[in-house]
Structure formats: structure tokens, C-alpha cells
Amino acid sequence: MSVDIMKDIMNLSKNRGFVFQNSEIYGGLANTWDYGPLGSELKNNIKKAWWKFFIQDREDMVGLDAAILMNPRVWEASGHVSNFNDPLVDCKECKERFRADHLVEKTLNIPTANLTLKELNDLIQEKDDIVCPSCGKRNFTPARTFNLMFKTHQGVIETDKNIIYMRPETAQGIFVNFKNVLNSSRKKVPFGIGQIGKAFRNEITPGNFIFRTREFEQMEIEFFVEPGTELEWHEKWMEASKIFFTKILGIKEENLQFREHDPKELAHYANKTVDIEYKFPFGWGELEGIASRTNFDLSRHSEFSNEQLNYHDSKTGNTYIPYVIEPSFGADRTFLTVLIDAYTVETLPDGKERTVLKFAKNIAPVQIAVFPLKKNEPSIVNQSREIIKMLQKKFTVAYDDTAAIGKLYRRQDEIGTPYCITVDFDTVEKDQKVTVRNRDTMEQERIAIKDLPAYFEKEFEVEW
Ligand code: GAP
């Protein structure tokens, strides 16, 4: 898949109402995007599928919805105030800013995760190949660290004493509520807490459409386990994640890979991390990180707060700080993945091209479209409306009568609607049957109206 595909997908996203440039009428805000009518449906469907699969359908999981703004001590304890930095360099010629590690990594093709700021600086100064990607010159400032958290002030006075941060991850909202959830839900280790919510990072080099943005949404799980069992659980969470991506979201398995962090790349508190990556048109990119974070976060919050965030096992009599497996997903990246994976351009037997979004049926923004063969014929229109009313209880259904049937099919293909129903004269005058057309095979069959709910129930069933 070429990088040009990204342009086609961005155009389709705008034209069909999936994703718009934010504040477009004011010239936009760089790397900030809004989800349109179909995009918000698709994103909601992805989040609902995640919530159902990982939280509602499991006895060992519960949900949470913590606030974005938190006591700043949280970010001291988590290490974000001192360590959540990226190395930044400026080009003195064109004034563009870059991540020093990305500059070195891309030009020299070497991993940089374990390089110090000084080592990065030395490479940038020494290697003539490293030039500004924007103007091609070689005149950089020394690399310096840049904290990625967005700061603001709480209350009416803006002083250093009332600085607070927009959360850079949803995870910490889970850790600080560990005791609240434990006491109120009466869950026993092993159990987990999941939440979906916005996170903010002042990324130095956002880009690739919605892949890396400064405001984004995460779907995160902290799964608490007995120390010593964490690697077994890590394995189970990798398997569950794979099922979610391939069976629930329908992403092609050949476009996914598991990449384990090597010991140098591994965070100092983690004893294993595996990223699930997707083959984006611009290269492999992280979709989800599954980290075995030991008891780092709960220990740090125990140290910084007045609470001992430990667990008493009534069966064994042992008290310990649980270890944590953290499967952390990006909702926007998952959305982009679903969109790219579904995007298909086919040549039909008559030589014409059709663009189809082959979404998994359960997450398609419109699941069924209903067309009246004749829009001025009351009996056909009324019958179409009746069918919509009947199917709307279970499915997302749309009505369209603004073009000829062939054109309506193409439009629905382009937004990924799995089924179209056409109501015609035979339906109302003869047999009470409709034509149901399948998006992927383009085959059509006549089905009795009364059988439609059962037919679609079966067609939309998710098996895994
Ligand atoms: N609590 C762990 C954590 O936040 P992370 O690898 O920094 O880990 C997890 O982020 C996921 O969040 C990533 O795999 C990615 O899907 C998403 N993500 C992170 N930064 C992002 C950004 N700037 N824009 C969009 N998604 C992002």
C-alpha cells in the first residue's frame, strides 16, 4: 500500500464525513482533527466493541471514567513531571523543530531508545548526513529535553502554585482509584480496570493524519496480578488483543505484527513490553503497547500519597502490592487502522472501478441502507419507512432516495454499508419481499420482510 493511499483516504474521509480538519474555516489548527457524522459513528462503534469485549463480557474486569484534570502530585509520583520528555532540536535556518531521536533514527537507521541526550547531540553534530528534513541545511541548536505535558492553571490566579496538567495518559486515573474500585466492587486479584478517555501530549512532531496528534483518545487497561504470575498474564493479554483486532474489528492478520522491546528499549520498571504494530502506508506503527509494569505505579503512589495501595489475599493470608499488565490502545490509531484496512479499490467485470470500505459488519457506521425504487410512490415509501422502524431497534439503518439505485449502491459501498435493501412494486403489490444486496459479493437475494430481523441477526453475529 503506497503513501498516496493516505491522500485518497484523507480525501474520502473529508468528502464522506469521517474526519474533518479542525477549525477549518479559520485555516485549521495543525494536526487537530474532528470526527464527522460517519466518523463519530465508527469511532463510537470501535469504543463500544472494545468496552464490550474487554470489560462487559469478562468477569475479571470493571470500568472507570476518571477526570482529565488531576492533583499534580499524581504526575510527580508517576514520573511524568521529571521524565516525560522528548529530545528537541531546532533548525536555525528555517526555524522548524524536530525530535532529535527521530532525526538520527531516520537518517542513520539505528535505534535511539537507549541513547542519552549527549550521545544524540554528538551524532547530530558529527554526522554530515543529518540535515534538516524541511530545508536541507545543517545548522541545528543543541538538543534539549522538552516536557510533553500540557500545563494550565486551576482557579483564577495564574502562579506556579496552581499549575495543573492535562493528563498525558488515562492510566494514572486507574492507579489512583485502585483502592476505591477494590473496596466498592469487591473484586479479587487477578482483576482489571479499563477506561476510555482523552489524553493530551504536546508532541514535537505530530503527523500522518490522525496517527500522532496532540489530543487523542486512549482505551487502557490496568490488570492487577499476583507477583510471579505477570508473564503468564502478559501472554493472555496478547492473545486477547489479537482476537480483538482480527475477529472483532476484522483487521487482516497479515497486516499486524508483535514487536517485543529489547532490554535497552524497555522502561526501567517493566519486565516485558510487546507492541502490536500495523503495516500503515507510511510503515509499521504502534497500535497498542502491552507492558508488564511490575508494581512500579502502585508503589510510587503508595510512597507519594497517604494510602498503602496493597492487596490482602484472604485465601493465602499474604499482603502484597500487585503487579500490573497494561494493554494500552489508541482509539484514534485503531480508527485509522480500521479505515486503512477496510479501504479497497476494485475493478468490476465491466471495467469500472468501485471504492469499498470493507468494515467488519458489526462496526460499520451504517449497517443497512433502505432505498425505495420510486421515491414518489407512497406505498413504496411507506413500506420502506416501516422496514426501517422494524430494523432500527437492533441496527443502524439509513434511508436514501436521492439517486438511481446503482448510484446509491456505490455511495453505500464507499461508506462501508454491509447491506442495502430495495423496496419495489413487487414488494408492495405481490410478495412482501425485498431485494437485499451484499456489499462484498454484490450478490442480491429476495427475502421476505418478516424474515429480515432474523436474517440480519445472523449476518451481524460476531464469531470468535
Ligand atoms: N499508559 C501507557 C501509555 O500511554 P503509550 O505507548 O505512550 O503508553 C499507548 O500510549 C497508546 O496510545 C499507543 O499505542 C497509541 O495507540 C496511543 N497514542 C500514544 N500517543 C499518541 C498520539 N500522540 N496520538 C495518537 N495516539 C497516541
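Step by step: first the residues of the range 297-321, then only those that are touching a helix residue (DSSP H, G or I) at 6+ places or on another chain (Cβ under 8 Å) and assigned to a loop (DSSP other than H, G, I, E, B), then the one that is farthest from Arg186 (Cα to Cα). Which residue is that?
Narrowing the range 297-321 to residues touching a helix residue (DSSP H, G or I) at 6+ places or on another chain (Cβ under 8 Å): 297-298, 300-301, 303-305, 307-311, 321.
Next, from what is left, pick out any that are assigned to a loop (DSSP other than H, G, I, E, B): 305, 307-310, 321.
On the way: Ser305: 22, Glu307: 18, Gln308: 17, Leu309: 15, Asn310: 14, Ile321: 17 Å.
Per the stated criteria, the residue is Ser305.
I'd like to know if the range 247-267 contains one or more residues that are in contact with a Pro (Cβ under 9 Å, 6 or more places away or on another chain), surrounded by 18 or more Cβ atoms within 10 Å (Cβ to Cβ) and either assigned to a loop (DSSP other than H, G, I, E, B) or free of Cβ contacts under 8 Å to residues at least 40 places away in the same chain (or both).
Let us first name the residues in the range 247-267 that are in contact with a Pro (Cβ under 9 Å, 6 or more places away or on another chain), namely 262, 264-265.
Filter once more, keeping what is surrounded by 18 or more Cβ atoms within 10 Å (Cβ to Cβ): none.
Scanning the range 247-267 turns up no residue that is in contact with a Pro (Cβ under 9 Å, 6 or more places away or on another chain), surrounded by 18 or more Cβ atoms within 10 Å (Cβ to Cβ) and either assigned to a loop (DSSP other than H, G, I, E, B) or free of Cβ contacts under 8 Å to residues at least 40 places away in the same chain (or both).
Could you check the range 298-318 and list, in sequence order, the residues that are within 16 Å of the ligand (Cβ to nearest atom) and either in contact with an Asp or Glu (Cβ under 8 Å, 6 or more places away or on another chain) or of a type in the set (Phe, Trp, Tyr) (or both)? Residue satisfying the conditions is His301 alone.
Taken over the range 173-182, the criterion of being within 16 Å of the ligand (Cβ to nearest atom) and part of a helix (DSSP H, G or I) is satisfied by Gly173, Ile174, Phe175, Phe178.
The residue of the range 183-233 that is nearest to the ligand (Cβ to nearest atom), among those that are part of a helix (DSSP H, G or I) and among the acidic types (Asp, Glu), is Glu230.
Residue count for the range 179-202 satisfying the condition of being at pLDDT below 95 and in contact with a Lys or Arg (Cβ under 6 Å, 6 or more places away or on another chain): 0. Looking only at the range 254-268, count every residue that is more than 16 Å from the ligand (Cβ to nearest atom) and under 17 Å from the mean Cα position of the chain (by Cα) and tell me the total. The number of residues fulfilling the criteria is 0. For beta carbons closer than 6 Å, sequence separation of 6+ or different chains, a first residue in the range 105-134 that is surrounded by 11 or more Cβ atoms within 10 Å (Cβ to Cβ) and a second that is modelled with pLDDT under 90, the qualifying pairs are Glu105/Thr112; Ala113/Glu265; Asn114/Lys264. Residues in the range 343-373 that are touching a Gly at 6+ places or on another chain (Cβ under 8 Å), of a type in the set (A, V, I, L, M) and assigned to a loop (DSSP other than H, G, I, E, B): Ala360, Ala364, Val366. When Phe84, Phe54 are checked against the criterion of being touching a Leu at 6+ places or on another chain (Cβ under 8 Å) and touching a residue at least 12 places away in the same chain (Cβ under 8 Å), Phe84 stands alone in meeting it.
Among the residues of the range 116-172, those identified as assigned to a loop (DSSP other than H, G, I, E, B) and among the charged types (D, E, K, R) are Lys127, Asp128, Asp129, Lys137, Arg138, Glu158, Arg167, Glu169.
Can you say whether Ser384 is hydroxyl-bearing (Ser, Thr, Tyr), surrounded by fewer than 17 Cβ atoms within 10 Å (Cβ to Cβ) and not assigned by TED's automatic domain parsing to the domain that holds Ser299, as far as the supplied structure shows?
No, not satisfied.
Sub-7 Å Cβ pairs linking a first residue in the range 277-293 that is in the same structural domain as Gln257 (by TED's automatic domain parsing) and under 11 Å from Gln257 (Cβ atoms) to a second residue that is more than 9 Å from the ligand (Cβ to nearest atom) and among the basic types (Lys, Arg), at least 6 apart or interchain, are Glu277/Arg259, ordered by first then second residue.
With respect to (1) touching a helix residue (DSSP H, G or I) at 6+ places or on another chain (Cβ under 6 Å); (2) in the same structural domain as Phe224 (by TED's automatic domain parsing), the lone exception for Ala77 is condition (2).
Against the test of being in contact with a helix residue (DSSP H, G or I) (Cβ under 6 Å, 6 or more places away or on another chain), in contact (Cβ under 8 Å) with a residue 60 or more places away in the chain and under 28 Å from Lys315 (Cα atoms), the options Phe224, Phe191, Phe175 yield a single qualifying residue, Phe175. On the given criteria, is Gln154 touching a residue at least 60 places away in the same chain (Cβ under 8 Å) and under 23 Å from the mean Cα position of the chain (by Cα)? In short, no. Here Val397 clears all of (1) exposed (fewer than 14 other Cβ atoms within 10 Å of the Cβ); (2) free of Cβ contacts under 8 Å to residues at least 60 places away in the same chain; (3) closer than 17 Å to Glu41 by Cβ except the condition numbered (1). Within the range 384-406, being closer than 20 Å to Lys48 by Cα, assigned to a loop (DSSP other than H, G, I, E, B) and of a type in the set (Val, Ile, Thr) holds for one residue alone: Thr396. So which residues in the range 319-348 are surrounded by fewer than 23 Cβ atoms within 10 Å (Cβ to Cβ), among the small types (Gly, Ala, Ser) and within 14 Å of the ligand (Cβ to nearest atom), if there are any at all? Residues satisfying the conditions are Ser328, Ala331. Regarding Ala364, is this residue of a type in the set (Gly, Ala, Ser), closer than 30 Å to Asn438 by Cβ and either away from the ligand (no atom under 16 Å from the Cβ) or surrounded by fewer than 17 Cβ atoms within 10 Å (Cβ to Cβ) (or both)? The answer is yes for Ala364. Being more than 15 Å from the ligand (Cβ to nearest atom) and either of a type in the set (D, E, K, R) or under 22 Å from Phe53 (Cβ atoms) (or both) is a property that does not hold for Lys272.
The values are calculated or read from the model by the stated rules, or taken from the named source; none is laboratory data. Nothing here was measured: the structure is a model prediction, and the numbers come from that model. Note that we place each Cβ from the backbone using ideal geometry, even for glycine, and neighbour counts take in every protein chain shown.
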